[in-house]
Amino acid sequence: MNNYEKLYKQYLYRQDELSLTKEQVVDRILSKFKAREFSKKEVLDLVNDDQLEYSKIFTCLVIDDPSVLNKLFSNEERRYHNEQVLDNRENPLNEKKIKKTEWNYNQLLLDEQEGRRIDIFFESKDGRYISEFIVRDQCEKLNGYLNALIVGSLIQRGVAEYPTDITDEYFQYYLKNLEQFGFLN
């Protein structure tokens, strides 16, 4: 039996426990990562996002605790952030060229780029479960954790974008995340 067959059997045994409501997911993120909520209106480009339906975004979370961020980011992600810090020092924002109403938004983008914050946007099309999410700035570990929390309900409701087939790479990614974050134990 290969590893995916083993993980799939564990998944089948626990699949009912893996379908979490939007509130359960948000509560876990708030407590596990010291996240806090903020208004989607602060993110000026979110209204034009092609992945989320703006009116269906029910909450936005920010993780900005330095000790939590340090545990979340990989060495490669930290190197990227350091490069962004250097680049932004060489090419700083010009206050005179930015509208006052956009200054906070631009600072938010800099904080994402330079690894001082991660923003998470959750969409719910049915009002009960998360249908989609975005993580900004990129954080592979957090993306995997959210995948493990959210995909179970998509599968249970028959709206997952891929089959529950152990040969499908996206389902394999989900199974690996479930294992990595201890949801199959």
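The values are calculated or read from the model by the stated rules, or taken from the named source; none is laboratory data. Source: prediction; values computed, not measured. Don't worry about glycine lacking a Cβ; one is built from the backbone with ideal geometry, like all the others, and counts go over all protein chains shown.
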Of Glu23, Glu37, which residue is modelled with pLDDT of 95 or more, surrounded by fewer than 16 Cβ atoms within 10 Å (Cβ to Cβ), touching a Cys at 6+ places or on another chain (Cβ under 9 Å) and over 16 Å from Tyr145 (Cβ atoms)?
-> Glu37
Considering only residues of the range 143-156 that are surrounded by fewer than 21 Cβ atoms within 10 Å (Cβ to Cβ) and touching a residue at least 60 places away in the same chain (Cβ under 8 Å), which is nearest to the chain's Cα centre (by Cα)?
-> Ile155
Out of Leu7, Leu12, which single residue is of a type outside the set (Asp, Glu), under 20 Å from Tyr173 (Cβ atoms), assigned to a helix (DSSP H, G or I) and without any contact (Cβ under 8 Å) to a residue 12 or more places away in the chain?
-> Leu12
Of the conditions (1) farther than 14 Å from Leu175 by Cα; (2) in contact (Cβ under 8 Å) with a residue 60 or more places away in the chain; (3) under 18 Å from the mean Cα position of the chain (by Cα), Leu44 fails just one. Which one is it?
-> (3)
Of all helices (runs of 4 or more DSSP H) fully inside the range 64-122, the set with 2 or more residues that are of a type in the set (A, V, I, L, M) and within 21 Å of Ile134 (Cα to Cα) is 66-72, 100-113
Restricting attention to the range 1-13, and to residues there that are surrounded by 14 or more Cβ atoms within 10 Å (Cβ to Cβ) and of a type outside the set (A, V, I, L, M, F, W, C), which single residue is nearest to Ile120 (Cα to Cα)?
-> Tyr11
Test: residue in the range 102-118 that is within 18 Å of the chain's Cα centre (by Cα), within 30 Å of Arg157 (Cα to Cα) and not basic (Lys, Arg) | yes
Within the set of pairs 6+ apart or on separate chains, which have a first residue in the range 81-94 that is touching a residue at least 12 places away in the same chain (Cβ under 8 Å), a second that is in a helix (DSSP H, G or I) and surrounded by 12 or more Cβ atoms within 10 Å (Cβ to Cβ), and C-beta atoms under 8 Å apart?
-> His81/Gln113; Gln84/Gln113; Asn88/Leu110; Asn88/Gln113; Leu93/Asn106; Leu93/Leu110
So is Thr59 in contact with a strand residue (DSSP E or B) (Cβ under 7 Å, 6 or more places away or on another chain) and in contact (Cβ under 8 Å) with a residue 24 or more places away in the chain or not?
-> yes
In the range 140-185, residues that are assigned to a loop (DSSP other than H, G, I, E, B), among the hydrophobic types (A, V, I, L, M, F, W, C) and farther than 19 Å from Lys71 by Cβ total 4
Hits in the range 125-142 (condition: more than 30 Å from Arg79 (Cα to Cα) and surrounded by 19 or more Cβ atoms within 10 Å (Cβ to Cβ)) | Tyr129, Ile130, Ser131
Residue ID - nearest to Gln107 (Cα to Cα), chosen from residues in the range 52-63 that are among the hydroxyl-bearing types (Ser, Thr, Tyr) and part of a helix (DSSP H, G or I) = Tyr54
